[in-house]
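Below: the structure, in structure tokens.
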Amino acid sequence: MNPHEYVQANAERFKAELKELLKIPSVSTQVEHQADCEHAADWIANNMRRIGFQTVEIIKTAWHPVVFGEWMGAGKDAPTVLIYCHYDVQPAAVEDGWDTHPFEPIERDGMIFARGALDSKSNVISQLKSAEALIASGRSPVNLKLMFEGDEESASENMTAFIQQYRHKLDCDVIAVCDGSMSDREQPDLPYGLRGVVCMELEVHGPKQDLHSGHYGGTVHNPIQALAEIISQLHQPDGSVAVPGFYDDVPALEDEERVELAKALPWIEQEWQAVATAPQQWGESEYNLHERSGARPTLEINGIRGGFAADGFKTVLPSKALAKISCRLVPNQTSVSIYELIKKYIVQITPPTVQTELRLLEIGEPIVIDRKSKTIQAAVRAYTKVWGKRPYFVRAGGSIPVVIDLHRVIDAEIVLLSYGYKGGFAHGPNEHVYLDMWYKGISTTIHLFEEIGKGYSNE
């Protein structure tokens, strides 16, 4: 029985195991779920042992553990692939708008609904089961290392130190990062770039305490109003970022790359219409939707807090207001330098009637992978075999913090794998994964490893 036949013979069991893992509320951002994260790590480790991994470890970090497994049965002359996924999930509760309990998986109309179904437990199981099929069939052409993180939804704060400390364990020829989604259910795409990120808090201070608006209104610059005036100056009317120097290090998109990115544009526009459903598009008109969402930097206001917003009314003049601000960055930009530019600009536009403080919370650097690398071309062939269509290259708009750390420390080619559909509401209510795409993902991974095992031969 070859590995593809093994998947078909065990398809129902694989699906049952996915549901088992989905039942564990491994929410990394909430301390009350620490034991659940440890439970998920134990579950994954036990699954690896049953598959036949020769070494399985649950390695503690400052927060949640990393599960690491190693199978070197292909031999010392075979290439070694390091596979990365994360088992932690975002918080979820029925009152958020779920139709069913988020940690009680429901199968309906060819989909499984549960928190983590798309991001990213389906990826964890797809990689475990592709490894199982290869090992059980005795036909794995590559050695396998699996690394499953428990802090990805908590900004991977421990992974930089982890990768540095365990560099010797992670040595490999190819790194496969499985954490993403596609814009269309039938047309695969292959990411070759991730944007970086910098997250900040802007706090505006006015009077030393909340004041009666009748007594002091008209004499004190309201911090909420001042905050609104400041953040309104962060963009130009055309949607571009107004911070001086923000674009200084942004490389121009070459014509050849713009042609390649345009191939996926119809599917990205369809997905935008189905998921965003905003009245109309917004942003830099000289760039198309794909370029804006993946190849151009952005500045976003992610939240605002201040004053009284509960039921009823309180005629208060607040002492302070706060905004959450993030930027998505492209290659050549660095998170710290962008933070410093924004900080300097905010000082310049802060009126003398208030004081401002910009705090740096989180950073992550961008990366672009060579589309012509042997591993990327092996992935192109693998996707084409399974989906019947050559994948389109895309620049992903999001960030995967661990990728840049792996890229810096390990001398290996990287491939970013996506199998789910973006319309599956990752991080939101009624998150779901399409089972047909999930099974295709398992098969694609197997084909990828078979292609890598051939020595990266080119067609």
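The values are calculated or read from the model by the stated rules, or taken from the named source; none is laboratory data. Keep in mind that this is a model prediction, so the values were computed, not measured. In this analysis, Cβ positions are derived from the backbone assuming ideal geometry, glycine residues included, and neighbour counts consider all displayed protein chains. Only protein heavy atoms, including side chains, enter the accessible area calculation; ligands, DNA and RNA are left aside. Shrake-Rupley method; radii C 1.70, N 1.55, O 1.52, S 1.80 Å.
Report the Stokes-Einstein translational diffusion coefficient (µm² s⁻¹, integer) for region 14-141, Rh taken as the Kirkwood radius over Cα pairs, at 10 °C with viscosity 1.306 mPa s. Before the final figure, lay out the partial values.
Values: Rh = 15.7 Å.
D = 101 µm²/s.
What residues of region 48-75 lie in the reach of a label at Asp42, counting those whose backbone N is under 17 Å from a point 7 Å from the Cα along Cα→Cβ?
48-50, 57-61, 64-68
Can you list the residues, at least 5 places off or on another chain, whose amide H is less than 5 Å from the amide H of Thr61, using H built in the peptide plane?
Val66
Compute the whole-percent fraction of alpha carbon pairs in region 208-307 spaced more than 15 Å apart.
In whole percent, the share of Cα-Cα pairs in region 208-307 beyond 15 Å is 73.
Per residue, how large is the accessible surface of the chain? Use a 1.4 angstrom probe and give square angstrom.
Each residue of the chain exposes 43 Å² on average to a 1.4 Å probe.
Could you tell me whether region 66-205 comes out rounded, prolate or oblate from its Cα gyration tensor? Rule is a ≥ b ≥ c as square roots of the eigenvalues, rounded for a/c under 1.5, then prolate if a/b exceeds b/c, otherwise oblate. Present the calculation step by step, with values, prior to reporting the outcome.
Values: a/c = 2.03, a/b = 1.30, b/c = 1.56.
Oblate shape, in that a/c is at least 1.5 and b/c is the bigger or equal ratio.
Any idea what log10 I(q)/I(0) is at q = 0.09, 0.14, 0.15 Å⁻¹ for region 273-398, Debye with uniform C-alpha scatterers and no solvent?
Rounded to two decimals, the profile gives -0.46, -0.91, -0.98.
Rounded, prolate or oblate, given the Cα gyration tensor of the chain, with a/c below 1.5 counting as rounded? The partial results should precede the final answer.
Numbers: a/c = 1.98, a/b = 1.66, b/c = 1.19.
Taking the square roots of the gyration eigenvalues as a ≥ b ≥ c, the chain is prolate.
How far apart, in nm, are the 7 Å Cα→Cβ label points at Glu32 and Thr219?
4.5 nm
Would you grab the residues whose amide H sits under 5 Å from the one on Gly73? Only those 5+ places off in sequence or on another chain, please, with H modelled 1.01 Å from N.
Amide H neighbours of Gly73: Leu144.
At 0.36 nm per residue, minus the direct Cα-Cα distance, what do Glu362 and Arg408 gain on full extension? Give it in nm, one decimal, please. Please report the intermediate quantities before stating the final value.
On the way: separation 46, 0.36 × 46 = 16.56 nm, distance 1.84 nm.
Here the answer is 14.7 nm.
Can you tell me how region 400-459 classifies by the Cα gyration tensor, rounded, prolate or oblate, using a/c under 1.5 as the rounded cut? Write out the running numbers ahead of the final one.
Working: a/c = 3.87, a/b = 1.36, b/c = 2.84.
In terms of gyration-tensor shape, oblate.
Put a dot 7 Å past each Cα toward the Cβ at Asp436 and Lys454; how far apart are the dots in nm?
Here the answer is 2.7 nm between the modelled labels.
For the chain, give the percent of accessible area contributed by carbon and sulfur heavy atoms, probe 1.4 Å, rounded to a whole number.
On the way: 9510 of 19760 Å².
Result for the chain: 48 percent of the exposed heavy-atom area is carbon or sulfur.
What FRET efficiency would be calculated for the residue pair Ile301, Thr55, taking the C-beta separation as r and a Förster radius of 51 Å, to the nearest 0.05?
Numbers: r = 47 Å, r/R0 = 0.91.
So the FRET efficiency works out to roughly 0.65.
Find the centroid of the Cα atoms in region 178-221 and in region 23-91, then give the distance between the two in whole Å.
Going from one Cα centre to the other spans 32 Å.
What is the gain in length, in nm to one decimal, between Gln209 and Glu157 on full extension, counting 0.36 nm per residue of separation less the C-alpha to C-alpha distance?
Values: separation 52, 0.36 × 52 = 18.72 nm, distance 3.48 nm.
Going from the current span to full extension adds 15.2 nm.
On a 0 to 90 degree scale, rounded to 10, what angle separates helix 265-275 from the longest Cα axis of the chain?
With both axes taken from Cα atoms, the answer is about 60 degrees.
Roughly what % antiparallel, to the nearest 5, for the DSSP beta bridges in the chain?
On the way: 48 of 73 bridges.
Beta bridges within the chain, antiparallel portion: roughly 65 percent.
Expressed as a rounded percentage, what relative contact order does the chain have, with Cα pairs under 8 Å and six or more residues apart? All intermediate terms of the calculation are to be shown ahead of the outcome.
Numbers: 942 pairs, mean separation 114.7, N = 459.
With pairs under 8 Å counted, the relative contact order is 25 percent.
Could you pull out the trypsin sites (Lys or Arg not before Pro) across region 296-330 that fall in loop regions by DSSP (anything but H, G, I, E, B) with no more than 15 other Cβ atoms inside 10 Å? Don't skip to the answer; put the middle values down first.
Numbers: sites: Arg305, Lys314, Lys320, Lys324, Arg328; in loops: Lys314.
Of the trypsin sites (Lys or Arg not before Pro), the ones in loops of region 296-330 whose Cβ has at most 15 other Cβ atoms within 10 Å are Lys314.
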